[in-house]
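Here is the structure we will look at, set down as structure tokens.
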Amino acid sequence: MQVLPLTVRGLPAAQAEGKVTLSLKDRAKEGQKLYCRLAATDNRSIPEAKLNPQTTYYPPKDHEWSEFEVNAAAPPLAEQDITQRKAEVEAKLKEIRKELVEEWRMSDVLHRGTQKNKTLNAGELERLKKVKEDLRETSNKLEDLAREVGVTPELSRLAETMRGLTDRELRDAETALSRAKEESTSEPRNKQFQKAEDEIDVALHKIDELIKENKKTADERLDKRKLEDLARDQQELADKAKTADPKEAAELAKKQKELDDELKKLKEQSEAIKKATDAAKAEEAKKLADAAKKVADDIRDLNQSIKQAEKDSVQDRLAELKKKQDEVAKKAKDLAEKTDAASRIAQTQPLKPDDAAEAKNALDRGNLEDAIKQQEKAKQELDRLARDLEQAAANSRDPREAAKQLARLQEDLRGRLAQDTKDKGLDQIPAERKAALEKQQEAIEKAAAKLKIPQGDTAADVARQQAAADARDAKDMLKKAPRRAPTRRCRRRRNLWNAWPTSCRPRSNG
């Protein structure tokens with residue numbers, strides 16, 4: 001006899017695995033038998049829990065040993081263990097089923113034999129007690145089996161079903177039999193007997209399902225084990241291929257084909273592996289679909305973010321443009337008022353601030369295209385005004401042209417005043433309009449006073465002084481608010497015109 005240590009992985013846990021290799025070379029021959037026994041020792045000492053070092057054995061009885069036969073053609077031990085476990089569980093389930101059938105039969109005999117009895121006699125009570133005890137023993141056997149198979153993870157589902165069977169159907173059947181004993185009349189007692197039999201019927205059906213499930217689970221475990229063996233063989237073949245001689249390539253290819261064929265055959269024969277393969281494909285497809293969906297969602301979110309950013313940016317720019325355009329419109333209006341007199345002096349079109357205002361209105365409506373068009377028109381109008389005023393500024397360096405411009409401005413002012421007072425008195429025109437006219441008249445007066453006259457030209461100087469006086473009279477007339485503006489031609493223009501010598505007098509336009 002030889003004692004070998006067994007290294008176990010995974011402790012502490014309800015289940016752990018270990019492996020020991022026993023070399024049988026020169027020790028056993030084909031057909032000989034080998035006996036072994038497993039001893040597991042817990043060397044902990046916990047006095048407060050009354051736990052001392054202890055050892056347990058498998059097989060549990062001292063005279064029992066596990067028996068192995070040396071057979072080179074035998075399936076791997078793991079497969080043998082799965083097959084043996086399946087057979088053991090199936091045998092115990094069938095034994096339990098047989099007992100339940102007998103307990104159902106005994107209950108049914110009591111049920112039919114006592115249907116009309118008001119009470120149970122001593123013999124019937126004894127048989128009822130026996131049925132209950134047998135049912136309790138059967139239930140205990142099922143609990144023991146659940147505990148036994150529960151230590152194997154692959155059989156945990158079977159164990160859970162067995163526990164549920166003892167906790168519900170078998171317990172309810174036992175309770176119904178106890179109540180049947182206590183009932184003093186036949187009708188309620190019959191109901192309890194019927195309930196017990198119904199619960200046992202359900203239990204029998206579940207036992208049949210457990211037998212099928214046990215076989216299915218064993219087949220799946222065998223398929224899984226075969227698949228693991230194939231994976232191990234494949235890995236060993238791959239390792240050999242890394243260092244193999246080129247001459248061995250044909251042999252390696254042959255072995256690889258054998259493994260492929262075996263795997264294909266296993267897939268065809270194993271429903272579990274087929275489902276697992278389909279599930280893996282479905283899972284992979286789902287992962288890819290989820291990944292694609294996530295990318296699509298990310299793109300959508302990004303597009304929305306970009307659109308929102310663009311929208312926010314456009315709104316921000318639009319708000320800024322509106323603010324600037326409002327300022328431009330106000331400046332254009334101010335510029336139009338400031339250049340009105342200069343434009344009239346130069347006999348050019350006054351600035352129209354409407355284009356800048358329309359551009360602002362277009363921005364308020366969110367019509368960028370229209371706003372751009374109006375902006376361009378406003379720009380062209382400003383360019384035109386700049387050119388006209390530059391030309392007027394150049395002409396104003398000639399005293400004669402300057403006098404002519406002042407005369408035109410005075411006449412234009414008179415005309416506008418006449419138009420404003422055509423149907424009403426001067427005191428009735430808007431104060432803002434009247435103030436603008438007075439302001440322009442003051443500008444004419446100052447310009448006439450500063451007008452340069454050729455040196456030594458006394459007549460022209462006198463005319464200039466007279467023109468300035470006429471301008472002051474016109475200003476006073478505005479302030480006195482006559483009923484109607486004068487219709488005669490302004491003397492200022494005549495005096496300024498006649499003040500120049502004939503040889504230097506600018507040519508009249510009419």
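The values are calculated or read from the model by the stated rules, or taken from the named source; none is laboratory data. Note that the coordinates shown come from a computational prediction; the quantities given were computed from them, not determined experimentally. As a convention, Cβ positions derive from the backbone with ideal geometry for all residues, glycine included, and neighbour counts pool all protein chains shown. In case anyone asks, the SASA skips ligands and DNA or RNA and just uses the protein heavy atoms, side chains included. Shrake-Rupley method; radii C 1.70, N 1.55, O 1.52, S 1.80 Å.
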**Q.** Label-to-label distance, nm, for residues given as Leu51 and Val3 (7 Å Cα→Cβ offset)
**A.** 2.4 nm
Q | If the convex hull is drawn through the Cα atoms of the range 1-128, its volume per residue in Å³ | A | 247 Å³
Q) For the range 1-140, which whole-number percentage of the solvent-accessible area (1.4 Å probe, protein heavy atoms only) is attributable to carbon and sulfur atoms? A) 53 percent
Q) In the range 177-278, what percent of the accessible surface is made up of carbon and sulfur (1.4 Å probe, ligands and nucleic acids excluded)? A) 49 percent
Q. Tell me, what does the Kirkwood hydrodynamic radius of the range 134-175 come to in angstroms if you use every pair of distinct C-alpha atoms?
A. 10.2 Å
Q) Thinking of the range 133-247 as a set of Cα atoms, what percent of all their pairs are more than 17 Å apart? A) 67 percent
